[in-house]
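The values are calculated or read from the model by the stated rules, or taken from the named source; none is laboratory data. Just so it is clear, the model here is predicted, and its values are computed rather than measured. Cβ: placed from backbone, ideal geometry, glycine included. Neighbour counts: every protein chain shown. Quick note on the areas: whole protein, heavy atoms, side chains included, nothing else; ligands and nucleic acids left out. Shrake-Rupley method; radii C 1.70, N 1.55, O 1.52, S 1.80 Å.
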Amino acid sequence: MTADAQILSALRQAGNGSVSGADLAQQLRMSRAAVWARIEELRKLGYEITANPHQGYRLLSTPDVLHADDLLSRLPDNMIVGRDIRVFETTNSTNDIADKLARDGVNEGVVVFAEAQTKGRGRLGRTWLSPARKGLWFSVLLRPDLSPQAATQLTVASANALARAIRRQTNLAPEIKWPNDILLRGRKVAGILTELSAELDHVKHLVIGIGVDVNLTSADLPPELRKTATSLRIESGQPVARPELAAAILEELDADYARVRAGKFEALADEWESQCTTIGRQVSIRIGDRILRGVAEALDPEGALLLRTQHGRLERIMGGDVHTMSLRPVEGA
């Protein structure tokens with residue numbers, strides 16, 4: 001952890017109290033003058049830090065910008081997801097950067113944020129609107145010990161964690177639409193794009209791209225998206241602190257990744273189903289040129305959707321474009 005991350009962590013742990021310059025200097029193994037210099041640099045970045053000769057330093061407020069040191073200071077030390085954070089002002093796609101890091105041999109757990117993306121992408125080749133400083137646009141690199149067929153578990157885990165973090169930070173009631181959308185009142189507020197590199201029997205690496213519409217206003221959304229998309233700000237009626245939400249999401253992602261690694265996907269899937277609007281519904285799923293219709297019944301042990309077709313067959317679906325039609329028909333009605 002860098003000096004700035006350690007300073008911010010110490011100030012946060014102090015809560016409404018203060019931390020003396022002598023204690024910070026001892027903890028960071030640097031002079032008090034060097035600590036003062038780092039405090040001054042943090043102030044230039046927008047951190048409001050007071051200094052009292054008798055009490056020390058106190059953190060009053062933080063800017064709504066993404067800084068790697070600030071995000072690291074908000075997270076526990078023993079996490080995998082988020083142990084290495086990199087923030088870019090603008091990039092084409094955070095998934096592309098994370099994939100390059102994977103191919104360069106970087107350890108799993110690195111998270112790549114961008115304040116804006118010029119070529120953000122969603123599933124099925126769609127573009128993802130990523131305006132500057134309005135949302136969270138990031139990618140996580142993982143190297144799970146899974147077969148390619150079981151990689152869907154991590155899309156499920158990511159959706160579950162993302163919904164839980166949004167609920168925790170905003171008190172809103174997000175719902176999951178299989179396979180990768182988070183909805184609020186039926187409108188999309190976040191999405192997940194999972195891309196993997198695999199051999200026949202195992203995943204080499206996997207990149208989970210996540211986009212969350214945090215502080216977009218209705219005016220930020222193109223007219224064609226205003227009936228189907230929303231943001232946390234629109235739904236809650238107030239701005240949401242992006243760094244706090246980012247840290248919460250990373251904590252929940254790490255927790256659910258630990259559950260997958262420990263072989264506890266079944267319990268995770270049960271939680272996912274309790275938040276999912278797709279299970280128990282009549283749906284149509286487009287897979288390429290093929291359209292399947294039926295009832296979405298459950299997830300299988302590898303995270304695929306089990307669809308009971310209109311002909312009574314049980315189909316295992318790994319991905320597709322899902323349209324919800326209605327609730328499951330009542331028996332005998």
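Observations, loosely collected:
- Filter result for Leu72 (in a strand (DSSP E or B) and under 20 Å from Leu245 (Cβ atoms)): no
- For the stretch 277-305, taking the residues that are open to solvent by 40 Å² or more (accessible area, probe 1.4 Å) and touching a Lys or Arg at 6+ places or on another chain (Cβ under 8 Å), the one that is nearest to Arg185 (Cα to Cα) is identified as Arg281.
- Filtered residue count, the stretch 125-177, keeping only those that are under 16 Å from Phe265 (Cα atoms) and part of a loop (DSSP other than H, G, I, E, B): 5
- Tally of residues being assigned to a helix (DSSP H, G or I), closer than 22 Å to His67 by Cα and either in contact with a Lys or Arg (Cβ under 9 Å, 6 or more places away or on another chain) or open to solvent by 30 Å² or more (accessible area, probe 1.4 Å) (or both) across the stretch 26-55: 10
- Scope the stretch 193-221; condition free of Cβ contacts under 8 Å to residues at least 60 places away in the same chain and either on the phi > 0 side of the Ramachandran plot or in a strand (DSSP E or B) (or both); matching residues: Thr194, Leu196, Ala198
- Near pairs, Cβ below 8 angstrom, 6+ apart or cross-chain, from the stretch 16-36 (closer than 9 Å to Tyr57 by Cα) to any residue that is charged (D, E, K, R) and open to solvent by 70 Å² or more (accessible area, probe 1.4 Å): Gly17/Arg58; Ser18/Arg58; Val19/Arg58; Gly21/Arg32
- Among residues of the stretch 278-306 that are within 16 Å of Ala157 (Cβ to Cβ), those with a beta-carbon under 8 Å from a residue that is modelled with pLDDT of 90 or more and of a type in the set (Phe, Trp, Tyr) at least six positions away or on a different chain give the pairs Leu299/Trp272; Pro301/Phe265; Gly303/Phe265.
- Residue check, Lys119 in a helix (DSSP H, G or I), among the charged types (D, E, K, R), out of contact with any helix residue (DSSP H, G or I) (no Cβ under 6 Å at 6 or more places or on another chain) and surrounded by fewer than 17 Cβ atoms within 10 Å (Cβ to Cβ): no
- Odd one out for Leu11, checked against (1) outside any helix (DSSP H, G or I); (2) under 15 Å from Arg58 (Cα atoms): (1)
- From the list Asp99, Asp84, Asp69, the lone residue that is farther than 20 Å from Ile208 by Cα, at pLDDT 95 or above and among the acidic types (Asp, Glu) is Asp69.
- Answer residue from the stretch 56-69, given it is closer than 30 Å to Leu136 by Cβ and in a strand (DSSP E or B) and is nearest to the chain's Cα centre (by Cα) among those: Ser61
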